[in-house]
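Participant: The following block contains the structure, expressed as structure tokens.
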Amino acid sequence: MAANNRRMSGKKGAQVGSGGQRRRGLEGKGPTPPAEMRKGHVKQRVANAKARRTQGRTQARRGGRSASEMVVGRNPVVEALRGGVPASTLYVQQFIDSDERVREALQLAADRGGINLMEAPRPELDRMTNGLNHQGLVLQVPPYEYAHPEDLLADAAEAGEDALIVALDGVTDPRNLGAVVRSVSAFGGHGVVVPERRAAGMTAGAWKTSAGTAARTPVARATNLTRALEQYKKAGVTVVGLAADGETEVGELAALGGPVVIVVGSEGKGLSRLVGETCDHRVRIPMPGGAESLNAGVAAGVVLYEAARKRA
């Protein structure tokens, strides 16, 4: 009886059909995503760079922070405060013999705002400075947060400009780095790239030499400078190296009018071999006066001026 009921139930067997594929095939794929969401689009790179900055990307990527630094001594502290060097705390020795420099340091710190004033006994200052002659004044400079080399391209794209970047190869004097930062800012550049190792960093000396321009001109740190330059080349940026025996005079290179990275080597050794081989062009600065070389800050300024003139 049960078998008979099954035969009379009226249920149909499996039917041949499209399985809904025909209906889905007629459906649209939705609106075109905005440029910020399209992989590889320049606006997506800009948006990603902004997001990294918002999320503190410099702390997480490739050791993006330098170590904190102490400026020690009355004259150095006053000069750092005058020069706009970032500072978090000014330590003053208890029962210090106050003079004009001490009073000026306290006044500058108070006028700027945001700098903690801490009184400490001499033994504590001795410990903090490893026994240096601090003269009762110690200024703590917070860690510098480096940009990523890709961020400099994103900043240029966001501004609608051809990238103008300076990379330093083997430059170890922080004052030269500060001078380069100042020149990049003066001629409308988008930043400076330095290697992570065996190179000058953004110390208090570099800040002071930059005359405050380091606050608005980013410095990026690359784990491998050669690899960073190769990535710039893949992005369509011309890499120009400065060399005393360069094939072209700086004024004759038309490429300076477009997106460019200017690579400056050390005053003594010049460009390293791998970096020199990575450059698309090697240019020289004519010096009728007979000088053998220019320091990094002056050399960068000359080429940046030429690049700015060609872009005008």
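The values are calculated or read from the model by the stated rules, or taken from the named source; none is laboratory data. Computed from a predicted model, the values in this text were never measured in an experiment. Please note: Cβ atoms are built from the backbone with ideal geometry, for glycine as well, and neighbour counts cover all protein chains shown.
Participant: Does residue 198 qualify as being in contact with a Pro (Cβ under 8 Å, 6 or more places away or on another chain) and not hydrophobic (A, V, I, L, M, F, W, C)?
Facilitator: Details: in contact with a Pro (Cβ under 8 Å, 6 or more places away or on another chain): no; not hydrophobic (A, V, I, L, M, F, W, C): yes.
No.
Participant: Here is a further query. Looking at (1) at pLDDT 95 or above; (2) part of a loop (DSSP other than H, G, I, E, B), which is the only condition residue 97 fails?
Facilitator: Unmet condition: (1).
Participant: Here is a follow-up. Residue 237 - would you say it is among the aliphatic types (A, V, I, L, M) and over 22 Å from residue 200 (Cβ atoms)? Even if it seems obvious, please write down each step before you answer.
Facilitator: Details: among the aliphatic types (A, V, I, L, M): yes; over 22 Å from residue 200 (Cβ atoms): yes.
Spelling it out, residue 237 is indeed among the aliphatic types (A, V, I, L, M) and over 22 Å from residue 200 (Cβ atoms).
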